[in-house]
1. Among the numbered conditions (1) loosely packed, with under 15 Cβ neighbours inside 10 Å; (2) touching a residue at least 40 places away in the same chain (Cβ under 8 Å), tell me where Lys148 comes up short.
2. Given Val58, Val73, which one is farther than 20 Å from Ile23 by Cα, in contact with a Leu (Cβ under 7 Å, 6 or more places away or on another chain) and in contact (Cβ under 8 Å) with a residue 12 or more places away in the chain?
3. Taking the conditions exactly as written (modelled with pLDDT under 80, surrounded by 15 or more Cβ atoms within 10 Å (Cβ to Cβ) and touching a Leu at 6+ places or on another chain (Cβ under 8 Å)), does Gly128 satisfy them or not?
4. Select from region 258-296 the residues that are among the small types (Gly, Ala, Ser) and without any contact (Cβ under 8 Å) to a residue 12 or more places away in the chain and write down the one among them that is nearest to Leu232 (Cα to Cα).
5. Taking region 63-88 only, how many residues are within 27 Å of the chain's Cα centre (by Cα) and surrounded by 14 or more Cβ atoms within 10 Å (Cβ to Cβ)?
6. Say we look at region 297-307 and pick out the residues that are closer than 28 Å to Leu232 by Cα and in contact (Cβ under 8 Å) with a residue 12 or more places away in the chain; which of these is surrounded by the fewest Cβ atoms within 10 Å (Cβ to Cβ)?
7. Only residues that are open to solvent by less than 70 Å² (accessible area, probe 1.4 Å) and closer than 29 Å to Asp112 by Cα: list them for region 169-194, please.
Amino acid sequence: RCSTARRARTQVLAGVHRHAMPITVTVKWGKQKLENIELDTSEPVEVFKAQLYALTSVPPERQKIMGVKGGFVKEGAKWDDLGVKQSQMLMLMGSAEAVPEAPAEKTVFVEDMPAADLAALSASRNPGGLTNLGNTCYLNSTLQVMIKIPEVSLALQKYVGAGGESDKALLFALRELVAELGQSSAAQEVRPFKFVSIFRQNFPMFAQQAEGGRGFMQQDAEECWSTIVTALAQRLKISPGPEPSDLTGATPALLPRMQALRHNLGDALFGLEMRVKYKCLESEAEPAYETREAVRKISCHIIDKTA
């Protein structure tokens, strides 16, 4: 009995092993025939489509794989249900993406420029860029967009330093960086050591280290943008009345119909004001009412079924 049980268990395990073994298929795409393509039937269909994309440059959403049980591979299908076998011929339909063309004018780096061209570049009015200090491209791009908004630069100049030490340090460092960029030239990049250090101290999520101590992790520019806008909203209060304000002198111009976006610079420049109507669905006796609410972004979740 024991030997029978062991034999049955061995057969089951062997069956699982055979089921997990990949097979090879041939894919005909137009006049091309792609042979010996590995297909792991235990993986989702999307994995095989990614393989075909790497071989043909046909995006997965344009791919139509034919030659299986049922005619073609449908979204969410399983290979076991499609009856694909070793060395089977499949057909791929779909057009490839266009190959990007090389730039008409070759890129020339500053360190490769002749002395005369470098001197002319130094005399130009184009500001310098920001040095990448270890995966800070997301932060550099965010800052370069934001500091080109005149209201932001002007508000930083008028900032009087209200709030805690960390709040003041962040905006003071940003103000110094804006001034340094304004005085720079395209021949010399600006190294934002101070601002990056204070930014990571205030927002530790952007100070996360990569595995194995290989420097700082990659971060998302949109998250960085939202973080800085929120910082401006929390640290740069606007008072249209007699209340104290974080800005000296005249406050930035406000849209006349704004109600919910009048209290801080982040909302005034980057916020959205929405008119919201509330109504009790359980009782008709409670009257509906409207209010205005401030939001800083509208999320649009796009999936494969989005029209």
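The values are calculated or read from the model by the stated rules, or taken from the named source; none is laboratory data. Just so you know, these numbers come straight off a predicted model, no measurement behind them. Virtual Cβ from ideal backbone geometry, glycine too; neighbours counted across all protein chains shown. Surface areas here come from the heavy atoms of the whole protein model, side chains and all, with no ligands, DNA or RNA. Shrake-Rupley method; radii C 1.70, N 1.55, O 1.52, S 1.80 Å.
1. Among (1) loosely packed, with under 15 Cβ neighbours inside 10 Å; (2) touching a residue at least 40 places away in the same chain (Cβ under 8 Å), the lone unmet condition for Lys148 is (2).
2. Numbers: Val73 fails: farther than 20 Å from Ile23 by Cα.
On inspection, the qualifying residue turns out to be Val58.
3. On the way: modelled with pLDDT under 80: yes; surrounded by 15 or more Cβ atoms within 10 Å (Cβ to Cβ): yes; touching a Leu at 6+ places or on another chain (Cβ under 8 Å): yes.
Yes, satisfied.
4. Narrowing region 258-296 to residues among the small types (Gly, Ala, Ser): 260, 266, 268, 271, 283, 285, 288, 294.
Add one more test, that the residue is without any contact (Cβ under 8 Å) to a residue 12 or more places away in the chain, and what stays is 283, 285, 288.
Numbers: Ser283: 41, Ala285: 42, Ala288: 34 Å.
Per the stated criteria, the residue is Ala288.
5. In the first step, residues of region 63-88 are kept if they are within 27 Å of the chain's Cα centre (by Cα); the result is 63, 75-76.
If we keep only those that are surrounded by 14 or more Cβ atoms within 10 Å (Cβ to Cβ) too, we end up with 63.
Residues that pass the stated criteria total 1.
6. First, pick out the residues of region 297-307 that are closer than 28 Å to Leu232 by Cα: 297-301.
Narrowing the set further to residues that are in contact (Cβ under 8 Å) with a residue 12 or more places away in the chain leaves 297-298.
Working: Lys297: 12, Ile298: 7.
Of everything passing the filter in region 297-307, Ile298 is surrounded by the fewest Cβ atoms within 10 Å (Cβ to Cβ).
7. Leu177, Val178, Ala179, Leu181, Gly182, Ser184, Ser185, Ala186, Ala187, Val190, Pro192
Residue-by-condition table, conditions (1) under 29 Å from Ile147 (Cβ atoms); (2) open to solvent by less than 100 Å² (accessible area, probe 1.4 Å); (3) among the β-branched types (Val, Ile, Thr); (4) modelled with pLDDT of 80 or more:
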site	(1), (2), (3), (4)
Val229	yes, yes, yes, yes
Ile238	yes, yes, yes, no
Pro244	yes, no, no, no
Arg292	no, yes, no, yes
